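What follows is calculated from the coordinates using simple rules that are stated; it is not laboratory data. Just so we're clear, the structure is a prediction, and the values are computed from it rather than from any experiment.
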Amino acid sequence: QRMERLKKMMLLLLPLIQRTKRIKKTMLLLLSLIQRTHKIHPMG
């Protein structure tokens, strides 16, 4: 019974994990873009 509960939890968590992975990818892309712009326009 416990295993079934765990399986259900995992199935529910999978899309969330995939979403967080996507968010991480977009965040990394944004960071790289910001770094590029900083290189073009050095601040400080």
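Extent of the chain along its three principal axes (Cα atoms, max minus min coordinate, largest first): 60, 15, 7 Å. The phi torsions of the stretch 28-36, fed into the Karplus equation with coefficients 6.51, -1.76 and 1.60 and a -60° offset, translate into couplings of 4, 4, 4, 4, 5, 5, 4, 4, 4 Hz, rounded to whole numbers, with Gly and Pro shown as x.
Helix-only arithmetic for the chain: the sum of -39500 (n - 2.57) across DSSP H runs with n ≥ 4, divided by the residue total, places the mean residue ellipticity at 222 nm at -32500 deg cm²/dmol.
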